[in-house]
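J.: One structure is given below, represented as C-alpha cells, and several questions about it will come after.
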Amino acid sequence: MSHTHEPAPPSHRGTNTHDESASKRTALIVRTIADIAAAFLGLWIVLYLLEANQANVFVQFVEGMAGWLAGWSQDIFTMENEHVRFALNYGLPAVVYLFIGHGIAAKIRRG
C-alpha cells in the first residue's frame, strides 16, 4: 500500500494562504515602522549637519521625533568632534532599528 498525498478537504483550503498573507502583511508593517524610524534619524542627521533652520516647523518636528527615537542612545559616544559624535549618537539607533525591525520581520515571515 503506497502512501499518496491527498489534497486537503475543501473546508481547509485557503487557510494556509490566509495565514501566509497575514504573516506577510505583519512583516511588512514591522519592516516599514523600522524603516520610518531609521529615516527620521537619518534625516535629522542630515538636517543638523547641513545646519537647517532650527526655527522651521518641519525641522523641529524631525528633531523631536529623532530625539524621542534616540533618547536611549544619547551620549554613548563622547568624542570631541561634535559632528562625528552627533552622527554616531543618532546613527547607532537608526542601525539598531533597521537590524531589529528587519530581523523580526524575517522571523515573522518564516514562522
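None of the figures in this text is laboratory data; all of them are computed from the coordinates on show. It should be emphasised that the depicted structure is a prediction, and the values quoted were computed from it without experimental measurement. Don't worry about glycine lacking a Cβ; one is built from the backbone with ideal geometry, like all the others, and counts go over all protein chains shown.
J.: Of the peptides 27-33, 81-87, how do they stack up when ordered by the mean number of other Cβ atoms within 10 Å, highest first?
T.: Put in order of decreasing packing, that is 27-33, 81-87.
J.: For the chain, what does the relative contact order come out to in percent, with C-alpha contacts under 8 Å and a separation of six or more? If you can, show how the numbers build up before the last one.
T.: Values: 86 pairs, mean separation 45.3, N = 111.
Value for the chain: 41 percent.
J.: Ordered by residue, what ³J(HN,Hα) values in Hz, to whole numbers, does segment 32-37 give under the Karplus form 6.51 cos²θ - 1.76 cosθ + 1.60, where θ = phi - 60° and Gly and Pro are x?
T.: Values, residue by residue: 5, 4, 4, 5, 5, 4 Hz.
J.: Taking the chain as a Gaussian network, Cα atoms linked when under 10 Å apart, which of E63, E20, E51 shows the biggest mean-square fluctuation?
T.: Comparing E63, E20, E51 in a Gaussian network model of the chain, the most mobile one is E51.
J.: Moving to a separate point now. Let me have the 222 nm mean residue ellipticity of the chain computed from DSSP H runs of 4+ only, each contributing -39500 (n - 2.57), with the sum over all residues rounded to the nearest 500.
T.: Dividing the helical sum by the residues of the chain leaves -24500 deg cm²/dmol.
J.: In degrees from 0 to 90, rounded to the nearest 10, what is the angle of the helix 82-110 Cα long axis to the longest principal axis of the chain?
T.: Roughly 10 degrees, rounded to the nearest 10.
J.: Expected output is a single nm value to one decimal: the length gained when fully extending between R109 and A39, i.e. 0.36 nm times separation in residues minus the C-alpha distance. What is it?
T.: Taking R109 through A39 to full extension adds about 22.9 nm, to one decimal.
J.: Now a separate question. Compare G71, G91, G42 in a GNM of the chain, Cα atoms joined below 10 Å, and give the one with the largest fluctuation.
T.: G71
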